[in-house]
Each structure stands twice: as C-alpha cells, then as structure tokens.
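Here's the structure we're looking at; comments come further down.
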Amino acid sequence: MKIVVTDDLAACHALRRAVFIEEQNVPEELEIDDLDDIAIHLLAFVEDRPVGTARLFIKDETGKIGRVCVLPEARGTGLGAALIRAACQHLKDRGCTAAQLGSQTHALPFYEKLGFAAFGPIYDDAGIPHRDMLRRL
C-alpha cells in the first residue's frame, strides 16, 4: 500500500463516485464541488490500483480532512487508518496543530481509535448523520 499527494482528480472522483454517490446515494451535485480545485488530495493505492482517497484544506493552524473513502474490497485492511495517519502527518508537516473532520456517525469509533474526539451535535450532511471531530497534531 502507498499513499501519495496527487493532482489526479479523475481517480479521486471515481472513488468518491463509487462510495458516496453509488453506494451511499449522495446526490452528485453535493459530492462533486468546486472546492476540489483548491484542495490537497491524497490517493491510496494497493498494487498500483487506487482504492482510497481524502481531501485536505488548511485554514490557519487547523487542517480539515474530508471526502474520506475506501472501496469496499479494501475496508478492514488498515488502509483507511493509514490514509488518516498520512493526512494528519501531511497537515502537521504543513504547520497545522489540529485536524478536524465531519464523521458519519457509524464511523465515530474508527476515528476515535485514531485519536479524534467528537464534539458538537449530530447534523445531517447529504442525508447522512454526521458529527464533528478534532485531534491535536
């Protein structure tokens, strides 16, 4: 497995389409937005095949991790955790002191194991319940 910073938006969009639009029924107009042009994108590979992605934003000393997805066949392999660790390291290397994300509520335990703590109320994002989470870097 390898995780790289990429400008291959087509690969990132293909993964997000498979997971968010097709699997989770998120409307395409909510998933694909103009923020992709200013984001930092990570792409995770297994045997040269893209299987996971995340996008990052930096505002002051806080990095935001979003659009995290892993194809079903790569789930449970540790790839998702490696993707989040790589995202946190990239943000730290860029001077961030904290990482924030909006987790689907079913994934809260996954992020908690990686050092994130939930805060604030549950909210709806594209018809899916989410909660904000924060981790110091």
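The values are calculated or read from the model by the stated rules, or taken from the named source; none is laboratory data. Predicted model, so just to flag it, every value in this text is computed and none were measured. Positions of Cβ are generated from backbone atoms using ideal geometry, with glycine treated the same way; all protein chains shown enter the neighbour counts.
Given the structure, is ILE122 in a strand (DSSP E or B), surrounded by fewer than 19 Cβ atoms within 10 Å (Cβ to Cβ), over 16 Å from the mean Cα position of the chain (by Cα) and without any contact (Cβ under 8 Å) to a residue 60 or more places away in the chain?
Against the criterion (in a strand (DSSP E or B), surrounded by fewer than 19 Cβ atoms within 10 Å (Cβ to Cβ), over 16 Å from the mean Cα position of the chain (by Cα) and without any contact (Cβ under 8 Å) to a residue 60 or more places away in the chain), ILE122 qualifies.
Within segment 1-16, which residues are surrounded by 12 or more Cβ atoms within 10 Å (Cβ to Cβ), free of Cβ contacts under 8 Å to residues at least 40 places away in the same chain and hydrophobic (A, V, I, L, M, F, W, C)?
Once the filter is applied, which keeps residues that are surrounded by 12 or more Cβ atoms within 10 Å (Cβ to Cβ), free of Cβ contacts under 8 Å to residues at least 40 places away in the same chain and hydrophobic (A, V, I, L, M, F, W, C), segment 1-16 yields LEU9, ALA14.
Only one of ALA99, ALA82, ALA107, ALA87 is under 14 Å from the mean Cα position of the chain (by Cα), within 14 Å of ARG135 (Cα to Cα), among the small types (Gly, Ala, Ser) and assigned to a helix (DSSP H, G or I); which?
ALA87
Restricting the search to segment 82-91, which residues are more than 15 Å from ARG55 (Cβ to Cβ) and surrounded by 15 or more Cβ atoms within 10 Å (Cβ to Cβ)?
Scanning segment 82-91 gives a single hit, ALA82.
Hey, could you check segment 99-113 for residues that are in contact with a strand residue (DSSP E or B) (Cβ under 7 Å, 6 or more places away or on another chain) and not aromatic (Phe, Trp, Tyr) and say which is nearest to LEU137 (Cα to Cα)?
Looking at residues that are in contact with a strand residue (DSSP E or B) (Cβ under 7 Å, 6 or more places away or on another chain) and not aromatic (Phe, Trp, Tyr), I get ALA99.
Of LYS59, LYS92, which residue is at pLDDT below 95, under 17 Å from MET133 (Cα atoms) and of a type in the set (D, E, K, R)?
Details: LYS92 fails: at pLDDT below 95.
After applying the criteria, what remains is LYS59.
Looking at LEU30, LEU42 in this structure, which one is surrounded by 11 or more Cβ atoms within 10 Å (Cβ to Cβ), modelled with pLDDT under 95 and either outside any helix (DSSP H, G or I) or of a type in the set (A, V, I, L, M) (or both)?
Just a single option satisfies the conditions, and that option is LEU30.
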